[in-house]
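Notes follow the structure.
The values are calculated or read from the model by the stated rules, or taken from the named source; none is laboratory data. What you see is a predicted model, and the numbers here were worked out from it, not measured in a lab. Counting neighbours? That spans all protein chains shown, and the Cβs are built from the backbone with ideal geometry, glycine included. SASA here: full protein model, heavy atoms, side chains in, ligands and nucleic acids out. Shrake-Rupley method; radii C 1.70, N 1.55, O 1.52, S 1.80 Å.
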Amino acid sequence: MSRKKWMGIILSVVLCVVSVRGAFATSAEDLSKQATEYGNQAEELEKNAKELEAQQAAAEALRQELLASLSVILDNIEALKADITAKEMEIFEKEEELLLAKNDENDQYESMKKRIQYMYETGDAQFLEILVKSKSIKELLNNAEYIKTISEYDRDMLDEFQAIVKRVQEQEEALQGEYADLQVMQNELLIEQENLESNISGQEALIGELSSRITEAENAAAELRRKQDEAAKAAIAEAAKAGASLVIGNGFFTHPCPGARISSGFGPRKQPIPGASTYHKGLDLAAPTGTPIYAAAAGTVTMASYSGNAGLMIAINHGNGLATYYMHCSKVFVTPGQKVEKGQNIGLVGSTGNSSGPHLHFQVMVNGTAVDPAGYL
Ligand SMILES: [Zn+2]
């Protein structure tokens, strides 16, 4: 049963109880109060469950965002790992190159030494002195006046080999620098990955916790709704026992406003307010504004508009000369020509037109004559 329908029943039970207070006041009144109280508590819990659901949806959205970020990070890490492996290979190759360059340099140095040795053995004392004093071949080459005695060829070759070694060394250093940068980037990404993963598990834990709290709230609300239903039924039964004017739809027609109190019956009556008829052509069913109105039977809407004293009204043709009117509505949900089903919500109770308070004027027409709706309910 819908919440609106429920509110209608509860409120009309309350109205009814108020109107017949005295004869059965305690029991029905208490039961209806209880039903209202259960309804309020249930509503509170249902609101709570909705809020939790919104929180859960937000957590889920955040989790999805984090998962998307994580996926990007993992891709970046993969790419970076490939870069690092490639860089390691480059460094390895550069080191080999450096080794070969150093060999070349060394070979050249050795052959140069042999030539110097030869010069010494052929008796050049000044050269020997320079050779002994020089701490390195470089010093020897740069400082010695005697350098000119070494062939231009040896000197050029050595310069060239040394330049190669220097260049390869510089290249290797650059590669090592790039390698270190890649490692730093990878470490940063790994930290980011860790943060994202822990954030995701946090959201998952929150979602799980919210889920169980939602279930709890929903179960408690359902239990309260069940109690509310029970109390409302008991209140209606008590009221009926005491002879109150309660109508429960179970006749040929579905009741157009279940639970409403009959505030004015069909037939002759005193004029309730100026302008009202003394012969009442329908049944007045008092219910709060906004209570749903249901089509008493299937048919075609022939009217759904404002009509003077009747206020906002709906007329339905059920065929075989049978028609029903619903007057004083606050809202109508149907339009002329529309087919409606038995029990379809066609409008809401109101107090439009000539009316002293919110109620549904329900009228049954047989071949154009108003008849007592009681026979159809
Ligand atoms: Zn009426």
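Of everything in the stretch 169-189 that is within 47 Å of the chain's Cα centre (by Cα) and open to solvent by less than 70 Å² (accessible area, probe 1.4 Å), the residue that is farthest from Leu99 (Cα to Cα) is Leu189. The set of residues from the stretch 323-360 being over 20 Å from Pro288 (Cβ atoms) and either in contact with a helix residue (DSSP H, G or I) (Cβ under 9 Å, 6 or more places away or on another chain) or within 12 Å of the ligand (Cβ to nearest atom) (or both) comprises Thr324, Tyr325. Close contacts from the stretch 31-42, counting a first residue that is closer than 17 Å to Ala217 by Cα and a second that is open to solvent by 40 Å² or more (accessible area, probe 1.4 Å), with Cβ to Cβ under 6 Å and a gap of 6+ residues or different chains, come to Tyr38/Lys227; Ala42/Arg225.
In the stretch 153-178, the residues that are within 28 Å of Asp83 (Cβ to Cβ) reach residues that are of a type in the set (Gly, Ala, Ser) with C-beta atoms within less than 7 angstrom, at least six apart or across chains, in these pairs: Ile164/Ala101; Val165/Ala101; Val168/Ala101. Kindly indicate whether any position in the stretch 362-369 is over 46 Å from the mean Cα position of the chain (by Cα) and part of a loop (DSSP other than H, G, I, E, B). The answer is yes; a qualifying residue exists.
May I ask you to list the residues in the stretch 306-342 that are over 41 Å from the mean Cα position of the chain (by Cα) and either basic (Lys, Arg) or open to solvent by 40 Å² or more (accessible area, probe 1.4 Å) (or both)? Lay out the reasoning, then the answer.
So the first thing to find is which residues in the stretch 306-342 are over 41 Å from the mean Cα position of the chain (by Cα), and the list is 306-311, 313, 315-328.
Once the filter is applied, which keeps residues that are over 41 Å from the mean Cα position of the chain (by Cα) and either basic (Lys, Arg) or open to solvent by 40 Å² or more (accessible area, probe 1.4 Å) (or both), the stretch 306-342 yields Tyr306, Ser307, Gly308, Asn309, Asn317, Asn320, Tyr325.
Can you find a residue in the stretch 349-363 that is within 13 Å of Cys257 (Cα to Cα) and either open to solvent by 60 Å² or more (accessible area, probe 1.4 Å) or of a type in the set (Val, Ile, Thr) (or both)?
yes
All of (1) away from the ligand (no atom under 16 Å from the Cβ); (2) at pLDDT below 90; (3) under 16 Å from Cys329 (Cα atoms) hold for Ala260 with one exception: (1).
When Arg63 is tested against (1) outside any helix (DSSP H, G or I); (2) of a type in the set (D, E, K, R); (3) at pLDDT 95 or above, just one condition goes unmet, and that condition is (1). The set of residues in the stretch 322-338 that are in a loop (DSSP other than H, G, I, E, B) and closer than 14 Å to Val301 by Cα comprises Phe333, Val334, Thr335, Pro336, Gly337, Gln338. Is it the case, given these coordinates, that Tyr306 is more than 16 Å from the ligand (Cβ to nearest atom) and either out of contact with any Leu (no Cβ under 9 Å at 6 or more places or on another chain) or within 23 Å of Gly368 (Cβ to Cβ) (or both)? It is true that Tyr306 is more than 16 Å from the ligand (Cβ to nearest atom) and either out of contact with any Leu (no Cβ under 9 Å at 6 or more places or on another chain) or within 23 Å of Gly368 (Cβ to Cβ) (or both). Among all positions in the stretch 214-225, there is at least one residue which is open to solvent by less than 50 Å² (accessible area, probe 1.4 Å), of a type outside the set (A, V, I, L, M) and under 30 Å from Lys50 (Cβ atoms). I'd like the residue in the stretch 190-200 that is open to solvent by 60 Å² or more (accessible area, probe 1.4 Å) and not aliphatic (A, V, I, L, M) and, out of all such residues, is farthest from Glu46 (Cα to Cα). The selected residue is Glu192.
Scanning the stretch 277-303 for residues that are assigned to a strand (DSSP E or B), under 44 Å from the mean Cα position of the chain (by Cα) and within 16 Å of the ligand (Cβ to nearest atom) yields Leu285, Ala286, Ile293.
Given the condition surrounded by 18 or more Cβ atoms within 10 Å (Cβ to Cβ), at pLDDT below 90 and in the same structural domain as Leu322 (by TED's automatic domain parsing), answer yes or no: does some residue in the stretch 270-280 qualify? Yes, that holds for at least one residue.
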